[in-house]
Amino acid sequence: MMRVLLFGRLADVAGWRERVLDVPPVALSALRAELAREDSALGEALAGPGVQAAVDQVLVRGEAILDGASEVAFLPPMSGG
């Protein structure tokens, strides 16, 4: 089982903040593809510049294997001020 979390405008686009997957994908790219198949607007938002992913609360860049991961969070671009 894996929790998928969306923050900020990503949650607004999807209409949900948290989802549990009984059969998680094996890789981060597969998870993004699965979410995009279900909701094209969310897929576009996840592919946008500056969107980051954290696997079990560790930021990852590029591809990540999700075998054994219990949580994946997608974070929108951060702005500072």
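Before moving on, here are some points about what is shown:
- Degrees separating the helix 28-38 axis from the principal Cα axis of the chain, which is the longest one: 70 degrees
- Protein accessible area in region 8-81, 1.4 Å probe - carbon and sulfur %: 52 percent
- Pairs of alpha carbons in the chain whose separation is greater than 21 Å (percent): 18 percent
- FRET efficiency estimate (nearest 0.05) - Cβ-Cβ, MET78 to GLU44, R0 25 angstrom: 0.85
- The slack in the chain from LEU21 to ARG37, taken as 0.36 nm per residue of separation less the alpha-carbon distance, amounts to 4.3 nm.
- Accessible surface area normalised per residue over the chain is 59 Å², counting heavy atoms of protein chains with a 1.4 Å rolling probe.
- Taking Cα centre as origin and charging only the Cβ of basic (Lys, Arg, +1) and acidic (Asp, Glu, -1) residues, the dipole magnitude of region 1-55 rounds to 120 debye.
- Gain in span if fully extended, SER29 to ARG61, counting 0.36 nm per residue against the direct Cα distance: 10.4 nm
- By accessible area with a 1.4 Å probe, ligands and nucleic acids excluded, highest first: order of ARG61, ARG37: ARG61, ARG37
The values are calculated or read from the model by the stated rules, or taken from the named source; none is laboratory data. A quick note: this is a predicted structure, and the numbers were derived from the prediction, not measured. Don't worry about glycine lacking a Cβ; one is built from the backbone with ideal geometry, like all the others, and counts go over all protein chains shown. Each accessible area value is taken on the protein alone, full model and side chains, heavy atoms only, with ligands, DNA and RNA left out. Shrake-Rupley method; radii C 1.70, N 1.55, O 1.52, S 1.80 Å.
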